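**Q** Mind having a look at this structure? Questions to follow.
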Amino acid sequence: MKRQSLEVYLHGRHIGVLSGSSLRLAFHYDPDIIAEYGACSILLSLSLPVTRKKITGASVFNYFDGLLPEGQVRSHLALVNGLSTPDALGLLRILGADCAGAVQAVPDGTSPDGPADAIPMTDVEVTNVVEALPTWDLPADFAITASLAGIQSKVLLSRRGEGWAWPGRGAVSTHIIKPEPLDSPMPHLLAAEHWCLNVAAAAGLPAAESRLETFGTRQAIIVTRYDRTHDGGRLHQEDFTQALALASSAKYEGTTAPPSRLTRLIAAAAPHARDDDAFRRDLLRAVTFNLVIGNGDAHSKNYSVLIRDGGEVLLAPLYDVAPTQLLYAPSVNAGHALDGQARLNHLTLEHVVREGAAWGLDADDARTTAAAALEAVAGAAATTRAESSIGFLGELVPARAADLLNGGTARRTLR
């Protein structure tokens, strides 16, 4: 098969070349980047430090493949573009001009910048696009050229003043619009996600901003992208699968044997944080939050790190958080193992404390951090307004927090 290549940019600057065919990809950093940042610097990914050597293998494929959608969304995009579903390079050739973070992958000779390619949309056009998901009903001059990982159907749009615009090639998408899934076993999922994001923010945890809106017959959540700036710029980030060179299909931790996946993430990320213990506490708060709300979808693609120019690493705001265990009883997989336990209804505060200690926190520090997070979330949940359909969460989440603080498990549900 003929080898192809894409030029890779970060914050609009050329940083290297991605080449290969099928499942075999290679990445080579630009000599100017190597000279400026030096070998072993963190720039693009924790799993792809700067090096003079051509990088091959799983770390390259999993990072770039992790920029693409999953499941039926990916299959559909491959089909309409005449590509095979696993063809990451081919899909990035179509979708790579606007990805998560500040990375762009475009064909040689193509500019990564495309602000003029944001096409203003009428309210009717936006409604038609959202209502049609998971299929696409696009005007003739619209093409899908932006990519976001995940399995849920969603559309990426750019906010322009009071209206919406379609992000053509290279234009910066600023918001994610997800309509309520048509076939989900979880009722009121998006209202619950919006409520959880508001609870997190009220409890002092960084979280993506969101609001609910109805488009025709479909309720949707509109999420402001935390990896975009108010002036239309990009902030670089990667999810935990990319940081650990894992395939997107391995997003749920498949073993409870030590060391845990989160311990490995800490080992990779904390040395690049301004304050390594503060990074550990931030992650422990996020994990505690997902436990108390019953989030069975808190896997490695739903946690991310921000990477600043110069290599400083921070935990990204919470996103894609929902109380799946409380909406759908069979959802009991925590996504990550904590101290050897991965089932939500068996986890206790002690599991969280021992997990934090395994990361390098003092046990008392871990206990204080997790307990304070539980108390803050309980208070925020009790006072954060919820739609009537999910009003029970305002009592259930504080009760779960009390159970955990009193030595119990995160087992309590309405059922």
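The values are calculated or read from the model by the stated rules, or taken from the named source; none is laboratory data. Because the structure is a prediction, the values reported are computed rather than measured. Please note: Cβ atoms are built from the backbone with ideal geometry, for glycine as well, and neighbour counts cover all protein chains shown.
**Q** Considering the stretch 57-99 alone, what residues qualify as being surrounded by 23 or more Cβ atoms within 10 Å (Cβ to Cβ) and of a type in the set (G, A, S)?
**A** G66, A88, G96, A97, listed by residue number.
**Q** Tally the residues that are of a type in the set (A, V, I, L, M, F, W, C), more than 22 Å from L338 (Cβ to Cβ) and in contact with a Leu (Cβ under 9 Å, 6 or more places away or on another chain), restricting the search to the stretch 381-391.
**A** 2
**Q** Within the stretch 135-165, track down each residue that is within 20 Å of the chain's Cα centre (by Cα) and among the polar types (S, T, N, Q).
**A** Those that are within 20 Å of the chain's Cα centre (by Cα) and among the polar types (S, T, N, Q): T145, S147, Q152, S153, S158.
**Q** Sticking with this one: Looking only at the stretch 110-132, which residues are among the aliphatic types (A, V, I, L, M), without any contact (Cβ under 8 Å) to a residue 60 or more places away in the chain and out of contact with any helix residue (DSSP H, G or I) (no Cβ under 9 Å at 6 or more places or on another chain)?
**A** A116, A118, I119, V124, V129, A132
**Q** I need the full set of residues from the stretch 346-374 which are closer than 25 Å to A192 by Cβ and surrounded by 15 or more Cβ atoms within 10 Å (Cβ to Cβ), in order please.
**A** Across the stretch 346-374, the qualifying residues are L347, T348, L349, H351, V352, A370, A371, A372, A373, L374.
**Q** Being more than 25 Å from Q104 (Cα to Cα) and in contact with a Gly (Cβ under 8 Å, 6 or more places away or on another chain) narrows it down to one of A203, A149, so name that one.
**A** Just one listed residue meets the conditions, A203.
**Q** Would you confirm, using the coordinates I've provided, whether T122 is of a type in the set (S, T, N, Q), surrounded by fewer than 15 Cβ atoms within 10 Å (Cβ to Cβ) and modelled with pLDDT of 90 or more?
**A** yes
**Q** Please go through the stretch 269-289 and give me each residue that is more than 16 Å from R367 (Cα to Cα) and crowded, with 18+ Cβ neighbours inside 10 Å, ordered by number.
**A** A269, A270, H272, A273
**Q** Scanning for something within 25 Å of the chain's Cα centre (by Cα), of a type in the set (S, T, Y) and closer than 30 Å to A220 by Cα, does the stretch 351-370 turn up at least one residue?
**A** no
**Q** Another question, then. Exactly one of these conditions fails for E193: (1) within 30 Å of D282 (Cβ to Cβ); (2) over 15 Å from the mean Cα position of the chain (by Cα). Give me its number.
**A** Every condition holds for E193 apart from (2).
**Q** If you take the residues of the stretch 132-159 that are surrounded by 15 or more Cβ atoms within 10 Å (Cβ to Cβ) and charged (D, E, K, R), which of them is farthest from N302 (Cα to Cα)?
**A** Here the residue is R159.
**Q** From the list D227, D231, which residue is among the charged types (D, E, K, R) and free of Cβ contacts under 8 Å to residues at least 12 places away in the same chain?
**A** That would be D231, the only listed residue that is among the charged types (D, E, K, R) and free of Cβ contacts under 8 Å to residues at least 12 places away in the same chain.
**Q** Shifting gears a bit: Can you tell me which residue within the stretch 336-345, out of those that are touching a residue at least 12 places away in the same chain (Cβ under 8 Å) and assigned to a strand (DSSP E or B), is surrounded by the most Cβ atoms within 10 Å (Cβ to Cβ)?
**A** L338
**Q** So in the stretch 290-309, with the set limited to residues that are in a loop (DSSP other than H, G, I, E, B) and of a type in the set (A, V, I, L, M, F, W, C), which one is surrounded by the most Cβ atoms within 10 Å (Cβ to Cβ)?
**A** Within the stretch 290-309, the match that is surrounded by the most Cβ atoms within 10 Å (Cβ to Cβ) is I293.
**Q** How many of the residues in the stretch 310-335 are in contact with a helix residue (DSSP H, G or I) (Cβ under 8 Å, 6 or more places away or on another chain), assigned to a loop (DSSP other than H, G, I, E, B) and aliphatic (A, V, I, L, M)?
**A** Looking only at that region, the number is 3.
**Q** Then there is this: Return yes when A381 is touching a Gly at 6+ places or on another chain (Cβ under 8 Å), within 30 Å of A270 (Cβ to Cβ), without any contact (Cβ under 8 Å) to a residue 12 or more places away in the chain and not charged (D, E, K, R) and no when it is not.
**A** Here the answer is no, as A381 does not meet what is asked.
**Q** Across the stretch 127-140, what is the number of residues that are farther than 23 Å from L68 by Cα and assigned to a helix (DSSP H, G or I)?
**A** 2
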